Each structure stands twice: as C-alpha cells, then as structure tokens.
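S.K.: Following this message is one structure expressed as structure tokens.
The values are calculated or read from the model by the stated rules, or taken from the named source; none is laboratory data. Computed from a predicted model, the values in this text were never measured in an experiment. Heads up, the Cβs are rebuilt from the backbone with ideal geometry, glycines too, and the neighbour counts pull from every protein chain shown. Side chains are part of the model used for accessible areas, which takes the heavy atoms of the whole protein and leaves out ligands, DNA and RNA. Shrake-Rupley method; radii C 1.70, N 1.55, O 1.52, S 1.80 Å.
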Amino acid sequence: MTGTKRIYLSSPTLNGKEIGYIEEAFRENWIAPLGKNVDEFEKELAAYVGINYAAALCAGTAALHLAVKLAGVTPGDIVFSSSLTFAATCNPILYEKAKPVFIDAEPDTWNMSPEALHEAFQKYPQAKAVIVANLYGTPAKLDEISRICDEYGAVMIEDAAESLGSVYRGKQTGIYGKYGVFSFNGNKIITTSGGGMLVSNDEEGIKKARFWSTQSREPMRHYEHKEVGYNYRMSNIVAGIGRGQLQSLEEYKRKKQKIYNSYCKAFEKIEEIRMNPLNPGGEANNWLSCITLEKGSCIRPEDVMEKLESENIESRPIWKPMNLQPLYRECDFIQVESRNGVSVGEDIFNRGLCLPSDIKNTEDDMERIEEIIQEMF
Ligand SMILES: Cc1ncc(COP(=O)(O)O)c(C=O)c1O
C-alpha cells in the first residue's frame with residue numbers, strides 16, 4: 001500500500017547520546033587510531049555483561065574468527081556449530097580450514113540441542129571447539145552445553161551476537177563460554193553502524209586478539225611480523241556510537257519484550273500461530289519476535305511475508321539451517337529427533353518467519369501489523 005509509513009524489522013534507534021562521544025573525538029582530533037572511546041566502550045561493555053576483558057572489533061564476525069583462533073583450531077580440526085543460525089556463526093571455521101559439524105536445534109529454545117551435542121561428542125570426541133548461538137535473543141541451555149564441553153575438553157564459544165542483554169540463570173549471555181561474541185551491526189538491539197566485541201576472562205587471549213586485530217605487529221620500532229595479522233579493530237568514532245547506545249540497552253530490551261508480549265496477546269486465540277519459545281531459565285532480549293504456523297495451516301509463512309510487504313511492512317524468513325546450505329553440503333549433521341518428517345531446525349525454517357521488532361514501533365504500528373495477520377486466519 002503506497003503512502004503508508006514503512007515499518008521495519010529492526011532498524012537502528014539512536015538516542016542522541018552518541019554524538020557527544022563523537023564530538024569529543026573530533027574536538028581532540030582523535031578519530032583514529034583507537035582512542036578513549038574504544039578503551040571505555042570495552043570497559044563499559046565488559047562491566048555490563050560481568051566479565052573481565054573485552055576487545056572492540058570491526059564486526060561480530062571478526063570476533064568469532066579470533067575466538068576460533070584463540071580456541072586453538074587448526075586445519076582439519078572438528079568444530080561443532082549450531083545449525084539453525086546465520087552463516088557468520090560458522091564461516092570462521094572455514095577461514096581456519098577446519099571442519100564444521102552441525103548440531104540440530106531443539107524445539108524448547110530453537111537453539112543447539114544438548115542431546116544432539118552429546119551425541120556429536122560420541123562420534124567426534126576429539127572436537128576442538130563448540131560454537132553455540134543464542135537465536136533471536138533466546139538463551140540456549142548454556143549451563144548444560146558448557147558442562148558437556150567441559151566433559152570433552154572442548155572450548156566453548158558463545159555467539160551472543162543476537163542476545164546482548166539476555167540473561168540465563170542469573171548471568172548475562174555471552175559470558176558462559178571461554179570466549180563470547182557480540183555484534184553491533186545495523187539491525188542489532190544496539191548498533192554502532194557496524195562492529196563487534198570479543199569478551200573473555202582470559203586476559204592473555206584478549207591481548208592476543210588485540211594484537212592479531214592490529215596486523216600482528218611485533219613491539220619493535222620497525223615493522224616486524226612473525227604471525228599473520230588482520231585489520232579488525234574498531235574505530236574511535238564507531239566506539240563512541242557504542243558508548244551512547246549502551247546507555248539505552250536496558251530500555252531497548254524492555255521495548256523489545258513489550259513487542260513480543262504484544263504479539264503473544266494478539267495471537268493467543270489463533271491456534272495456527274505459535275510464538276518463538278523463550279527459555280524459562282532466562283530472560284530474553286527478544287531481539288526479533290518470530291512465529292511458526294502449525295502444520296496443516298493453509299497459510300504459509302511466504303503468504304504472511306507477502307501480505308506484510310504489500311502493506312509496506314518488513315518481515316523475513318527464519319535463518320535457513322547451515323546443514324541445508326550448498327556451502328556446507330559435505331559437512332556432517334547431528335540430529336536426535338525429527339519434526340514433521342525433517343530435522344527440528346528445518347521444520348522451524350519451513351514453518352516460521354520473523355515479525356517486525358523495531359523499537360520505534362508505536363502501539364498503532366503494532367495494532368496495524370497484528371490486525372493484518374489476524375485477518376489472514
Ligand atoms: C548469530 C549471528 N552471528 C554472527 C553475526 C555477525 O555479526 P556481524 O554482522 O557484526 O559481523 C550475526 C549478525 O550479523 C548474527 O546474527
């Protein structure tokens with residue numbers, strides 16, 4: 001419908017505080033290299049999530065890559081990864097020429113199934129690391145996954161790109177693994193336009209990540225290099241945006257939760273619609289609210305997406321599982337149960353979609369979206 005306001009899936013929400021940090025950097029002619037905003041953003045983010053060290057990087061993907069390197073992954077090593085996630089979770093396994101093995105999701109949380117992970121370790125006890133994502137902001141069963149990793153001596157990497165602010169059993173997500181990763185890309189709960197953070201209690205590891213991310217330059221007067229390096233550091237301007245944004249994280253989380261609750265209420269009487277699950281052991285940031293349509297419904301997720309698009313409302317499919325991607329066709333996939341004749345992740349992908357979850361949605365916007373969907377059923 002032309003002329004109606006566009007409703008976005010999840011667009012940046014600036015709070016006005018970012019500009020002060022950017023202006024300060026301009027005034028001091030310190031937009032690069034690194035600088036006060038980078039140092040402070042690392043400290044502030046680490047304090048917020050409750051961990052000792054953080055390295056601000058140019059992307060969550062860069063943070064995942066360095067986490068894989070820190071885990072000691074070398075060519076040919078087996079690394080387990082969530083299957084139902086975005087490709088950035090597991091692509092760094094290929095950067096290091098290691099072998100991904102994908103672990104199916106569980107219906108309870110849509111995240112890595114601890115049972116399937118256990119099964120995977122029976123088959124590959126030598127696996128070096130496990131990358132577990134907290135999908136759409138819902139925490140995985142992180143304590144169980146962490147216990148299984150410990151049992152088999154594998155390094156746990158938590159991809160908390162989507163779950164900044166989510167809490168599980170009293171602890172923030174992102175700090176359960178030896179290394180945790182956050183993303184500040186444009187659609188995340190807080191954004192720096194683009195950026196990421198690697199967090200850990202491993203001080204040496206974070207120092208090493210900073211070294212690798214600034215071209216692995218040895219501490220000598222001339223340019224000396226013993227190891228391959230990367231240009232992965234965050235700029236002082238970008239970090240200024242992050243410092244401002246971080247101050248709104250709690251408020252944005254409450255707004256995202258309100259959006260989720262509004263959808264729950266709107267669809268509670270429609271038997272064909274189910275909301276994405278929350279983990280009862282935790283509190284999700286509800287980065288994206290999603291639904292699945294019950295098997296047998298004559299409406300398909302594509303129908304809902306097309307209808308919303310015709311009303312100038314953005315939505316998107318559920319991530320297509322990695323075990324179904326042509327890039328990862330040759331990789332092993334471990335599943336312990338099936339739903340509707342396919343793996344759990346594939347079933348969620350087939351039947352699901354992500355609804356607009358923009359913090360700036362007004363009550364009228366929410367009503368508009370909900371009514372359009374209600375009318376379809
Ligand atoms: C689960 C997940 N992992 C990793 C990333 C990568 O983060 P970035 O875009 O900051 O590289 C994203 C988002 O883009 C994501 O959703």
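S.K.: Could you check which residue among 292, 192, 362 shows the biggest mean-square fluctuation in a GNM of the chain with a 10 Å Cα cutoff?
M.R.: Looking only at 292, 192, 362, the largest GNM fluctuation is found for 362.
S.K.: Pairs of Cα atoms under 8 Å, at least six residues apart: use those to get the relative contact order of the chain, whole percent.
M.R.: With pairs under 8 Å counted, the relative contact order is 25 percent.
S.K.: With just the Cα atoms defining each centre, how far is the stretch 219-278 from the stretch 160-192? Give it in Å.
M.R.: Cα centroid of the stretch 219-278 versus Cα centroid of the stretch 160-192: 6 Å apart.
S.K.: For residue 226, which lysines qualify as cross-link partners when the Cα separation must be under 30 Å and same-chain residues fewer than eight apart are set aside?
M.R.: List returned: 36, 43, 69, 97, 99, 128, 178, 207, 208.
S.K.: Could you identify which residue out of 32, 87, 62 has the top mean-square fluctuation in a GNM of the chain using Cα springs shorter than 10 Å?
M.R.: 32
S.K.: Count neighbours as other Cβ atoms within 10 Å of each site's Cβ, and list the trypsin sites (Lys or Arg not before Pro) in the stretch 306-377 that are DSSP loop with at most 16 such neighbours.
M.R.: Taking the stretch 306-377 and a limit of 16 other Cβ atoms within 10 Å, the loop trypsin sites (Lys or Arg not before Pro) found are 329, 360.
S.K.: For the stretch 249-376, give me the percentage of DSSP beta bridges that are antiparallel, rounded to the nearest 5 percent.
M.R.: 100
S.K.: Further, regarding this structure: How much of the accessible area of the stretch 18-246, in percent, comes from carbon and sulfur atoms when a 1.4 Å probe is used?
M.R.: C and S atoms contribute 52 percent here.
S.K.: If you average the alpha carbon positions of the stretch 314-372 and of the stretch 43-94, how far apart do those two centres end up, in angstrom?
M.R.: 23
S.K.: For q = 0.10 Å⁻¹, what log10 I(q)/I(0) does the chain give under the Debye formula with an equal point scatterer on each alpha carbon and no solvent?
M.R.: -0.64
S.K.: Is there a quick way to get the dipole size of the stretch 122-213? I mean about its Cα centre, with the Cβ of Lys and Arg at +1 and of Asp and Glu at -1; what is the value in debye to the nearest 20?
M.R.: 100
S.K.: Right, another one. Which of the chymotrypsin sites (Phe, Trp or Tyr not before Pro) found in the stretch 128-226 are in a DSSP loop and have at most 11 neighbouring Cβ atoms, other than their own, within 10 Å?
M.R.: In loop regions of the stretch 128-226 (DSSP not H, G, I, E or B), the sparsely surrounded chymotrypsin sites (Phe, Trp or Tyr not before Pro) are 223.
S.K.: Highest mean first, how do 20-26, 371-377 rank when packing is the count of other Cβ atoms within 10 Å averaged over residues?
M.R.: In descending order of packing, they fall as 20-26, 371-377.
S.K.: Something else about it: Could you work out [θ]222 nm for the chain from helices alone, using -39500 (n - 2.57) per DSSP H run of at least four and dividing by all its residues? Round to the nearest 500 deg cm²/dmol.
M.R.: Result for the chain, helices only: -11000 deg cm²/dmol.
S.K.: Quick check for you: with a 1.4 Å probe and neighbouring chains kept, what is the accessible area per residue of the stretch 249-376, in Å²?
M.R.: The answer is 48 Å² per residue.
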